[in-house]
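Working notes, beginning with the structure itself.
The values are calculated or read from the model by the stated rules, or taken from the named source; none is laboratory data. Being a predicted model, the structure only gives us computed values, none of them experimental. Methodologically, a virtual Cβ is constructed for each residue, glycine included, from the backbone with ideal geometry; neighbour enumeration extends over all protein chains shown. The area values use the complete protein model at the heavy-atom level, side chains included, leaving out ligands, DNA and RNA. Shrake-Rupley method; radii C 1.70, N 1.55, O 1.52, S 1.80 Å.
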Amino acid sequence: MKLRKLMAGVAMVTAVSLLAAWTWHATTPLLFVAHAPDRYERRSEAFAAHVTGTIDERATTQMFRLNGGEWQEIRQAPPRVPPPNFTIEMLPSMLRPGENTLDLQVGSYLRPSQSFTHRFVYDPDVPSLPRTIDWSDRAPLDVQDGQWEVFRDRSGEGWVRPVPGTEGWDRIIVASGAFPGGRRVRTRIILENNPAKRVNWGFGVFPLWGGQPDVPDHRPRRGWRFGLAWYSSGHGGVGTEFSEKIGDAEPVWVGTYRDLKMEAGRPYHVVTETWPRRAADGRLLSWVQRLKWWADGDPEPSSWLVVDDRWGAPLPDGEYGVTLFSLRAPVAFGPVRIEPLDPPE
């Protein structure tokens with residue numbers, strides 16, 4: 001009798017557990033969309049418009065389509081987009097001026113699939129400059145990779161950062177769509193915690209962001225094209241650099257650095273100037289970039305760190321955006337000022 005009661009109790013507990021597991025499987029979302037802006041500014045070449053988020057490991061199918069086209073698989077691959085993260089990359093050649101529609105569909109065994117439809121506007125006009133990006137008014141965020149959030153400091157000023165705990169390979173957020181010519185970019189940066197035990201971490205600004213060039217139809221895209229101003233733990237300081245990588249080819253790069261010990265919790269000022277050098281006939285000779293980086297309360301440096309892309313990593317002539325990024329670092333960025341820049345004498 002006692003054995004029958006015990007077995008009946010075990011059976012009931014098992015049934016309840018199975019029911020709870022089934023309910024969890026049948027109702028817990030498979031898809032989380034972190035960033036899907038309702039408007040994207042001008043893109044160019046490999047600089048795409050993105051939608052980011054996560055897909056549950058239970059998913060057995062994960063697909064997307066743009067503007068009613070063919071369904072395509074949502075692919076994930078480290079180091080840039082490891083599961084559960086995903087990034088939908090919509091190249092400018094895929095976008096229509098005005099309204100576009102993106103559909104996502106994720107399915108799993110023995111449960112209804114989950115769908116997401118996003119209608120957004122693509123604005124192909126060149127962004128107007130100068131501009132100041134106040135993150136407290138910047139919603140929804142235009143993100144290339146990862147999950148980002150806005151918060152206010154004690155004075156009420158808006159800052160933006162990767163969501164704590166989600167830092168990873170180049171988490172990138174857009175400050176401006178693509179535009180031609182020179183630009184001056186100013187911002188403030190705070191390293192919130194010291195990630196000294198991590199390998200190869202850093203953060204900064206891409207004053208020239210050319211996206212992720214790759215062979216057609218490879219997703220997630222593996223390349224990069226940029227002018228860079230950043231702090232690098234590997235270099236033990238700050239530097240300015242140009243680099244390009246096409247798909248899985250070996251990258252080319254050229255840069256210059258100086259030692260700097262970052263103090264967690266202290267704001268730093270960053271100013272970059274980037275411009276094209278042209279021949280009399282308008283032909284591009286090179287891109288030049290220079291950087292100043294100093295701690296709040298210290299005097300602004302009188303000299304610049306300067307790099308010319310012809311020294312080892314020539315970038316194409318064209319239009320570039322401005323983005324901010326974190327590489328495995330808990331960092332926050334203040335308002336960003338972007339101004340047009342004529343070549344200095």
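Structural remarks
- E73-V306 FRET efficiency (beta carbon distance; Förster radius 56 Å; 0.05 resolution): 0.80
- Over all other residues within a Cβ to Cβ distance under 12 Å of P140, the charged ones net out to -2, with Lys and Arg as +1 and Asp and Glu as -1.
- A 1.4 Å probe run over the chain, with the rest of the protein chains in place, finds 48 Å² accessible per residue.
- Heavy-atom accessible surface of the chain: percent carbon and sulfur, 1.4 Å: 53 percent
- Pairwise FRET efficiency - V254 versus F32, Cβ, R0 = 45 Å, nearest 0.05: 0.70
- Whether the range 205-310 is rounded, prolate or oblate, judged on the alpha carbon gyration tensor where a/c under 1.5 counts as rounded: oblate
- Max mean-square fluctuation residue, GNM over the chain, Cα-Cα springs under 10 Å, options L110, L284, L30: L110
- Packing order of peptides 77-84, 101-108, highest average first: 101-108, 77-84 (average count of other Cβ atoms within 10 Å over each peptide's residues).
- If only the Cβ of Lys and Arg carry +1 and only the Cβ of Asp and Glu carry -1, the dipole of the chain around its Cα centre is close to 1280 debye.
- The chain, relative contact order [Cα under 8 Å, separation at least 6], %: 20 percent
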